[in-house]
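The values are calculated or read from the model by the stated rules, or taken from the named source; none is laboratory data. Quantities reported herein were computed from a predicted structural model and do not represent experimental measurements. Cβ: placed from backbone, ideal geometry, glycine included. Neighbour counts: every protein chain shown. We work out accessible area using only protein heavy atoms, side chains counted, and drop any ligands, DNA or RNA first. Shrake-Rupley method; radii C 1.70, N 1.55, O 1.52, S 1.80 Å.
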Amino acid sequence: MLNKKQKKNIRMAGAYIFTVLMVFIAVAPFVYVVLTALKTQEQIYDPKQIIPTYVTFENFRHVIFESNFVRYFMNSIFITAVTTVICMVLSVMAAYGLTRYRILGAGKIKMAVLMTRMFPGILLCIPYYIIMKHFQLIDSYGGLILMYCSFTLPFAIWNTCAFFSTIPWELEESAMIDGCSRLRSFFSVIFYVAKPGLFVTALFCFMSSWDEYMYASIFINTTLKKTIQVGMQDFIGQYSVDWGLLMSAVVISLVPILLFFALVQKNLVEGLSAGAVKG
């Protein structure tokens, strides 16, 4: 018969084993992609060489200097950055108004905004095409940015509202009593307190735009205007796939996401937990 301490140790051991297993499952695909990018063509098709015996950076050199990948990369950086900035500015303005002013039906307005996320992306392709064609925005960065904002902004507003609603009104009121204007009190108090949540929302906007493939492949026709996700198709032929080049492109495409995570790491956990308190 096991005592309480032994049962606790068994539960802890099981929790550690489960955690290690989940981490391995999450990390293993990324490690495999990196190892494949560092292999020669002969090593890639050799099942015995899971870990390359000879490391080469030829695949990365070819992707960066002998293809249009850098142009695709810069296109995605521009589109994603603009989309993220627009969504953050509009979501902060909307969330501040919905949580700080007495607006009739504010809760229903937030629910209506969130309900726009219920529509499948493929269902909106035809309406988007008609609108983009009417405004002559097909095959343009502006049209793609507007589409990205349309499906990213609703959740950004909802998420920002959840963070702003956890901030007591008394903090802002105290700042205005001390002589701050409403605008200055927002940047001095509200913005500072909600910063972790804003980082989480910005991360969501960034990743949603960066990883988007369907709309970019449908509405962008010019080769040099492709985004990075669509541009990686250049390494996939009709009858074969250049796995070395494709995996190198995948590794490079992950760099902005990893850098963003590194920058917001301190605020990420706090922001995720704060958003779950009240919404």
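Figure legend. Inter-residue proximity from segment 97-113: first residues more than 13 Å from Pro154 (Cβ to Cβ), second residues β-branched (Val, Ile, Thr), beta-carbon distance below 9 Å, spacing 6+ or different chains. Indicated pairs: Gly97/Ile103; Thr99/Thr160; Thr99/Ile167; Arg100/Ile190; Ile103/Ile109; Ala106/Thr99.
Of the residues making up segment 10-34, those that are under 27 Å from Ile64 (Cα atoms) and open to solvent by 40 Å² or more (accessible area, probe 1.4 Å) number 6.
Determine whether segment 65-77 contains at least one residue that is free of Cβ contacts under 8 Å to residues at least 24 places away in the same chain, part of a helix (DSSP H, G or I), open to solvent by less than 90 Å² (accessible area, probe 1.4 Å) and in contact with a helix residue (DSSP H, G or I) (Cβ under 7 Å, 6 or more places away or on another chain). Yes, segment 65-77 contains a residue that is free of Cβ contacts under 8 Å to residues at least 24 places away in the same chain, part of a helix (DSSP H, G or I), open to solvent by less than 90 Å² (accessible area, probe 1.4 Å) and in contact with a helix residue (DSSP H, G or I) (Cβ under 7 Å, 6 or more places away or on another chain). All conditions in (1) of a type outside the set (Gly, Ala, Ser); (2) open to solvent by 100 Å² or more (accessible area, probe 1.4 Å); (3) not in a helix (DSSP H, G or I) hold for Lys39, with the sole exception of (2). For beta carbons closer than 7 Å, sequence separation of 6+ or different chains, a first residue in segment 167-178 that is in contact (Cβ under 8 Å) with a residue 12 or more places away in the chain and a second that is open to solvent by 60 Å² or more (accessible area, probe 1.4 Å), the qualifying pairs are Ile167/Val193; Leu171/Val193; Ala175/Ser188. Being touching a Gly at 6+ places or on another chain (Cβ under 8 Å) and surrounded by fewer than 20 Cβ atoms within 10 Å (Cβ to Cβ) is true of Met214.
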